[in-house]
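The structure under discussion appears below in the form of structure tokens.
The values are calculated or read from the model by the stated rules, or taken from the named source; none is laboratory data. Keep in mind it's a predicted model, so treat the numbers as computed, not measured. We place every Cβ from the backbone using ideal geometry, glycine too, and count neighbours over all the protein chains shown. Accessible surface is based on the protein model in full, side chains and every heavy atom, while ligands, DNA and RNA are left aside. Shrake-Rupley method; radii C 1.70, N 1.55, O 1.52, S 1.80 Å.
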Amino acid sequence: MAIYHLSAKLFSRGNNHSAVAAAAYRSAEKLYDERQDKTLDYSRKQRVLHTEIIAPDIVPKWATEREALWNNVEAAEKRKDAQVAREVEVALPRELPPDAHQILIREFVQNEFISRGMIADVAIHESIAGDGATNPHAHIMLTTREITLEGFGKKNRDWNRKELMEAWRESWATHTNQYLEAIHSDQRI
């Protein structure tokens, strides 16, 4: 049976989180955090297979550049306990070929997050599972504020609703099962 996993968490300054640091780690890049005046270098991190930023059609150019995006997210927040980003982590089925992982993630992200006005920073990782096989999974970092051509607007509290999280969980299962069916696999989540 294909393994199902979808979890979500918020990054908050109240918990000493930095969106720039989280993005640097997940993308295995070297990014400068303007708020902390610190360079975070995770460029030696291995097993990051693919990264990309997916955004609505009409956003400022900087919103598609990782370092600028997350520094602007941090700059938009004034509170010391502000929620700076959300992360959704999903398990990718081993049964699918790696190129299908990217297509599956893009479709899910577009349908569930970008269509609502969020920007998504996607990183596909592959670790080794307890059984010795691969454990492909994706980290999807999401903005918490609405975006316009002028920049970030107000927080969208509807994105924190429990019902929306439940809908995302169901949608991930549906998307994944459609892809498994398309490759004629008997596996389902």
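Between amide H atoms placed 1.01 Å from N, distances below 5 Å from Leu49 occur with Ile124, His125, Glu126, all of them 5 or more places distant or on a separate chain.
Give the peptides 156-167, 87-98 in descending order of average Cβ contacts within 10 Å, highest first.
Details: 156-167: 11.7, 87-98: 18.7.
Per-residue mean Cβ counts within 10 Å order the peptides as 87-98, 156-167.
Given R0 = 25 Å, the distance between the Cβ atoms of Glu166 and Gln110 translates into a calculated FRET efficiency of 0.80. Among Ala76, Ala19, Ala138, the largest mean-square fluctuation in a Gaussian network model of the chain, built with springs joining Cα atoms closer than 10 Å, belongs to Ala76.
What is the sum of charges around Gln178, taking Lys and Arg as +1, Asp and Glu as -1, for the other residues whose C-beta is under 11 Å from the C-beta of Gln178? Neighbour charge sum, excluding Gln178 itself: -1. Residues in the chain average 52 Å² of solvent-accessible surface per residue, probe 1.4 Å, ligands and nucleic acids excluded. Close amide H partners of Val84, meaning residues 5 or more places away or on another chain with modelled amide H under 5 Å apart, are Phe11, Ser12, Arg13.
Compute the distance from the alpha-carbon center of segment 38-74 to that of segment 100-140, in whole Å. First find each Cα centre; the distance between them is then 15 Å.
Please work out the FRET efficiency for the pair Asp99 and Lys61, using the Cβ-Cβ distance as r and a Förster radius of 25 Å; give the result to the nearest 0.05. List each step's numbers first, then the result.
Values: r = 28 Å, r/R0 = 1.13.
Once the sixth-power term is evaluated, E becomes 0.35.
Got the relative contact order for segment 102-189 handy, in percent, Cα pairs under 8 Å and 6 or more residues apart?
On the way: 79 pairs, mean separation 19.2, N = 88.
It comes to 22 percent, rounded to a whole number.
Cross-link partners of Lys154 among lysines, defined as those whose alpha carbon lies under 28 angstrom from its own and excluding same-chain residues fewer than eight positions apart: Lys9, Lys38, Lys61, Lys78, Lys80, Lys162.
With contacts taken as Cα pairs under 8 Å at a separation of at least 6 residues, the chain carries a relative contact order of 26 percent. Note on log10 I(q)/I(0) by the Debye sum over Cα atoms at q = 0.13, 0.14, 0.17 Å⁻¹: of the candidates (1) -0.68, -0.79, -1.13; (2) -0.66, -0.75, -1.03; (3) -0.84, -0.89, -1.05, the value calculated from this structure sits at (1).
Would you mind counting up the charge near Ala28? Only other residues with Cβ under 10 Å from its Cβ, with Lys and Arg at +1 and Asp and Glu at -1.
Values: positive: Arg26, Lys30, Arg44, Lys45, Arg47; negative: Glu29, Asp41.
Value of the local net charge: +3.
Full extension of the chain between Asp81 and Glu181 yields a length gain of 31.6 nm, computed as 0.36 nm times the residue separation minus the alpha carbon distance.
Among the protein heavy atoms of segment 74-116, carbon and sulfur supply 48% of the accessible surface, probe 1.4 Å, non-protein parts ignored.
Each Lys and Arg contributes +1 and each Asp and Glu -1, all at the Cβ; summed about the Cα centre of the chain, the dipole is approximately 700 debye.
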